[in-house]
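Each remark here refers to the structure printed beneath this line.
The values are calculated or read from the model by the stated rules, or taken from the named source; none is laboratory data. Just so it is clear, the structure is predicted and the values come from calculations on it, not from any experiment. For neighbour counting, all protein chains shown are included, and Cβ atoms are generated from backbone atoms with ideal geometry for every residue, glycine included. The area values use the complete protein model at the heavy-atom level, side chains included, leaving out ligands, DNA and RNA. Shrake-Rupley method; radii C 1.70, N 1.55, O 1.52, S 1.80 Å.
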Amino acid sequence: MIMEILQFSYVQPYVIVFYSTNFDDVSIGTCTYYMEIKYKSTYAAAKKVADSISMHYCKHLNAAKANGEGDLANAPGVQIIEKIIDVAFWASLRREEGIATKISLAFLHPEQSGKPLLFAQRLAFNADVLTKLGPGVESAGVHVGIWHDEDGLYIWGTTNKLPQYCFVVDVSEPGLIVVKHRRAMGLAKFANVAVLKGDQVKIVDEECATFPDTPSIVSALLGTETSAVWNDPTNILIQIAVSMRAHKRGGILLVVPDEHANWRNSIIHPMQYAIQPSFSGVADLGRVTESNTSEIFWQNALRREVSNITGLTAVDGATIVNQSHELLAFGAKIARAQGALPVDQIVMIEPIMGGRAKEVHPSSIGGTRHLSTAQFIHDQRDAIGLVASQDGYFTVFSWSDVAEKVQAHRIDILLI
């Protein structure tokens with residue numbers, strides 16, 4: 001990718017023209033940024049990722065404008081991206097009354113935030129201020145608003161409403177910074193752009209969504225198959241995945257077809273925690289079409305039902321649901337189906353820049369959970385398996401007809 005800066009000044013807009021060097025698709029586009037010159041970060045990874053993140057926002061905002069979409073955010077310049085990440089990183093390492101800083105930062109003007117909570121006086125944008133402010137803005141959905149004037153970046157207040165593709169930096173835990181943006185439609189889960197943990201940097205590669213046989217949950221998280229319907233089956237599965245990872249106990253969720261019960265051939269019987277009749281708490285909400293009750297009410301109800309299911313994944317063994325999200329069993333023990341061959345090779349994929357698909361033995365990507373789930377998908381090829389590790393890794397197992405192998409997408413970078 002080649003960039004050409006046409007004009008710039010200290011805080012005035014400037015335009016970048018970018019040329020794709022992909023020989024299969026040559027394209028030209030422009031993107032207006034707001035930039036602050038002469039900022040030198042002390043967190044090296046911030047400088048390392050700023051250019052790539054800048055081009056990500058430019059690409060998506062140009063596409064949104066071309067499609068006639070409204071309520072679009074301003075694209076931050078490279079220097080602004082670098083500074084916000086830098087300050088966020090150092091704030092993440094500080095504590096207030098013994099508790100680590102957790103905070104979400106959004107780059108937008110107050111006029112773009114709907115009904116903002118405005119401070120009477122602007123606050124300086126630095127790690128000290130964020131550490132003091134952090135305890136008051138930890139709640140999910142609350143973002144600290146950041147904008148700029150001739151003196152640089154400042155904090156103007158908080159908001160819970162963001163424009164499309166708004167640049168957001170989330171301080172999740174000490175040393176862990178996630179760059180993300182609100183999706184154009186549909187999912188409450190923000191789209192992750194990059195994850196920085198210390199000196200480790202991972203930038204999401206959206207092209208992985210175009211690989212053959214990519215599961216719908218992966219495509220949706222990468223932004224290629226999003227749905228505006230809150231109870232879309234894939235959106236529900238994403239909420240289940242996020243909740244599974246959040247309880248930090250590890251677990252397996254198997255999603256099996258509605259049409260038949262062949263999956264029982266890969267489970268040890270009797271099942272200690274079989275459910276009869278199947279529990280339809282999540283499934284009933286998935287079937288809601290029209291109601292006089294608000295959508296927020298149904299979303300909160302769905303969140304509670306999802307927690308009921310994902311809590312059971314902490315029990316040793318596999319939790320089993322069908323494609324309608326009816327609970328069939330939990331704590332189930334996986335076994336190789338009679339007459340089936342043991343799985344010896346799978347295709348491992350992580351949707352990050354510089355990553356590539358590689359064939360590995362399933363034991364090389366995790367422990368018993370990963371090996372048993374790979375075997376289950378090898379035997380039951382119309383099912384998918386979600387595996388959460390206690391250390392935060394999250395893997396989606398599915399069958400690839402193209403590769404004729406089990407494939408494992410490691411998607412924790414998309415779920416943080």
Dipole magnitude of segment 228-414 about its Cα centre, charges +1 at Lys/Arg Cβ and -1 at Asp/Glu Cβ only, in debye to the nearest 20? 560 debye
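List the trypsin sites (Lys or Arg not before Pro) in segment 55-106 that DSSP assigns to loop (not H, G, I, E or B) and whose Cβ has at most 11 other Cβ atoms within 10 Å. Which are they?
Sparse-neighbourhood loop trypsin sites (Lys or Arg not before Pro): none present.
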For segment 44-203 the mean separation of alpha carbon contacts under 8 Å (6+ apart) over residue count, i.e. relative contact order in percent, is 25 percent
Strictly over 27 Å apart at the Cα level, which of 132/180; 65/161; 115/189; 189/405; 83/248 would you flag in this model? 189/405; 83/248
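Could you calculate the FRET efficiency of residue 363 with residue 224 from 1/(1 + (r/R0)^6), where r is the beta carbon distance between them and R0 is 41 Å, rounded to 0.05? Provide the component values of the computation, followed by the final result.
Details: r = 31 Å, r/R0 = 0.76.
Step by step, r from the Cβ atoms, then E = 0.85.
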Sequence gap at least 6, Cα distance under 8 Å: using those rules, report the relative contact order of segment 228-414 to the nearest whole percent. 27 percent
Comparing 213, 344, 199 in a Gaussian network model of the chain (Cα, 10 Å), the one with the largest mean-square fluctuation is 199
Which is farthest toward the positive dipole end of segment 228-414 among 321, 243, 281, measuring Cα position about the Cα centre, with Cβ charges +1 (Lys, Arg) and -1 (Asp, Glu)? 243
If you roll a 1.4 angstrom probe over the protein chains with everything in place, what fraction of the accessible area of segment 79-210 belongs to carbon and sulfur, to the nearest %? 50 percent
Roll a 1.4 angstrom probe over the protein heavy atoms and tell me the percent of accessible area of segment 228-414 that is carbon or sulfur. 48 percent
Local net charge near residue 279, Cβ-Cβ under 13 Å (Lys/Arg +1, Asp/Glu -1): -3
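Evaluate E = 1/(1 + (r/R0)^6) for residue 274 and residue 205, where r is the Cβ-Cβ distance and R0 equals 41 Å; express this FRET efficiency to the nearest 0.05.
0.50
Using a 1.4 angstrom probe, figure out how much accessible area the chain has per residue, in square angstrom, rounded to the nearest whole.
Accessible surface, normalised per residue, equals 47 Å².
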Could you point to the residue in 196, 156, 130 farthest towards the positive end of segment 44-203's charge dipole, with +1 and -1 charges on the Cβ of Lys/Arg and Asp/Glu respectively? 196
Which of 363, 310, 385 sits farthest toward the positive end of the charge dipole of segment 307-416, with +1 on the Cβ of Lys and Arg and -1 on the Cβ of Asp and Glu? 363
Using the Cα centre as the reference, give the magnitude of the dipole from point charges on the C-beta atoms of the chain (Lys, Arg: +1; Asp, Glu: -1; all else neutral), rounded to the nearest 20 debye. 940 debye
For segment 44-203, size of Cβ-based charge dipole, Lys and Arg +1, Asp and Glu -1, in debye: 480 debye
Among the aspartates and glutamates, which have Cα under 20 Å from the Cα of residue 59 when same-chain residues fewer than 8 positions away are ignored? 4, 24, 25, 51, 69, 71, 82, 205, 206, 207, 225
Residues other than residue 270 with Cβ under 14 Å of its Cβ, Lys/Arg counted +1 and Asp/Glu -1, net out at +2
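Mind ordering 348-356, 276-284, 406-414 by average Cβ neighbours within 10 Å, highest first?
Working: 348-356: 17.4, 276-284: 15.8, 406-414: 23.9.
Going from most to least packed, we get 406-414, 348-356, 276-284.
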Go through 361, 269, 60 and list them by solvent-accessible area, largest first, probe radius 1.4 Å. 269, 361, 60
Who wins for biggest fluctuation among 266, 294, 372 in a Gaussian network model of the chain, springs between alpha carbons below 10 Å? 294
What residue among 337, 301, 261 shows peak mean-square fluctuation when the chain is described by a Gaussian network model with Cα springs under 10 Å? 261
Report, ordered by chain and residue number, the aspartates and glutamates lying within cross-link reach of residue 333, taken as a straight Cα distance under 12 Å and ignoring same-chain residues fewer than 8 apart. 316
Over segment 64-142, relative contact order from alpha-carbon pairs under 8 Å, at least 6 apart, %: 35 percent
Give me the net charge for the shell around residue 89: Cβ to Cβ below 13 angstrom, other residues only, Lys and Arg +1, Asp and Glu -1. 0
At what distance in angstrom do the alpha carbon centres of segment 131-204 and segment 297-348 lie from each other? 32 Å
